[in-house]
1. What are the residue pairs meeting all of these: first residue in region 64-80, first residue surrounded by 19 or more Cβ atoms within 10 Å (Cβ to Cβ), second residue among the small types (G, A, S) and part of a helix (DSSP H, G or I), Cβ atoms under 6 Å, and 6 or more apart or on different chains?
2. Select from region 133-177 the residues that are away from ligand 1 (no atom under 11 Å from the Cβ), among the basic types (K, R) and at pLDDT 95 or above and list them in ascending order.
3. If I ask for residues that are within 13 Å of ligand 1 (Cβ to nearest atom) and at pLDDT below 95, which ones from region 96-132 would you list?
4. Working carefully through the options A10, A41, A55, A21, find the one that is in contact (Cβ under 8 Å) with a residue 24 or more places away in the chain and within 10 Å of ligand 2 (Cβ to nearest atom).
5. Answer yes or no as to whether G19 is under 21 Å from S191 (Cβ atoms), of a type outside the set (D, E, K, R), buried (at least 19 other Cβ atoms within 10 Å of the Cβ) and touching a Phe, Trp or Tyr at 6+ places or on another chain (Cβ under 7 Å).
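The values are calculated or read from the model by the stated rules, or taken from the named source; none is laboratory data. As the structure is a computational prediction, the values presented were derived from the model and not from experiment. Cβ: placed from backbone, ideal geometry, glycine included. Neighbour counts: every protein chain shown.
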Amino acid sequence: MIIAVDGPAASGKGTLATGLARHYGLPHLDTGLLYRAVGLAAAETVDRPEFEAAAIAAAQALDATQLTDLDALTAAETGVLASKVAVIAQVRTALFDFQRDFALQPRGAVLDGRDIGTKICPDADVKLFIQADSKARMERRARQLEARGVAVDRYALFHQIEERDARDMLNPNGGFYKARDAHLLDTTQMSIEAALRAAIEIVDRVMALKAGG
Ligand code: CDP
Ligand code: CDP
């Protein structure tokens, strides 16, 4: 079973994907980490003409050992770098096989990101598109950072998330839109537990329909 979970920044897709993976005993890949690792590797050249070539080289050389420094990878500034490398077509192509191979493990997998249901796994068994309003998403990300001892300027964070969402949605190479067969889940008013229950209900319903039909 392949489950695709897509959605904008801090919508709760990672938390949900982790919960689904645990519930169904499947491996999980947070694909945002790949773009974040590439962004970090090319950080020194950001906004310079060499940035594109540095990002492509980093994407082609990426390996799993670069996905472990979660403090650096999940920093808000790294998210901005990630969205800058994510508009480069050759970066996306270089990261495609890693994601596709992960999805095609014999046991199945859960992947979360922006284009899982549209580009990486258009054949996924179940697709979820997670939404939450921008203010709720900013507040969630702010609390997540504060819990790690990072000081947060909410005004700046709100604008940073809006800018990143806009770049992702307008990314011509991105595939960030709700797939026709994706199930929309708005978690604005939902606790983590309620969102997970709702997602499990959708997955069980879709799988039962498939088994029956
Ligand atoms: O992966 P994504 O950026 O979409 O979001 P996340 O890292 O899963 O969630 C961002 C933060 O929101 C985390 O601290 C979650 O615990 C929190 N969250 C929440 O408060 N309510 C939800 N329904 C989902 C996530
Ligand atoms: O957790 P959050 O939603 O804040 O970000 P993320 O999922 O770690 O993704 C960081 C950035 O990587 C996004 O803003 C996108 O620009 C890019 N990304 C992408 O283009 N395609 C994916 N499948 C995952 C991430």
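1. T78/G39
2. Result: K135, R154.
3. Of region 96-132, the ones within 13 Å of ligand 1 (Cβ to nearest atom) are 110-114, 116, 128-132.
None - no residue of region 96-132 is within 13 Å of ligand 1 (Cβ to nearest atom) and at pLDDT below 95, so the list stays empty.
4. On the way: A41 fails: within 10 Å of ligand 2 (Cβ to nearest atom); A55 fails: within 10 Å of ligand 2 (Cβ to nearest atom); A21 fails: within 10 Å of ligand 2 (Cβ to nearest atom).
After applying the criteria, what remains is A10.
5. Details: under 21 Å from S191 (Cβ atoms): yes; of a type outside the set (D, E, K, R): yes; buried (at least 19 other Cβ atoms within 10 Å of the Cβ): yes; touching a Phe, Trp or Tyr at 6+ places or on another chain (Cβ under 7 Å): no.
No.
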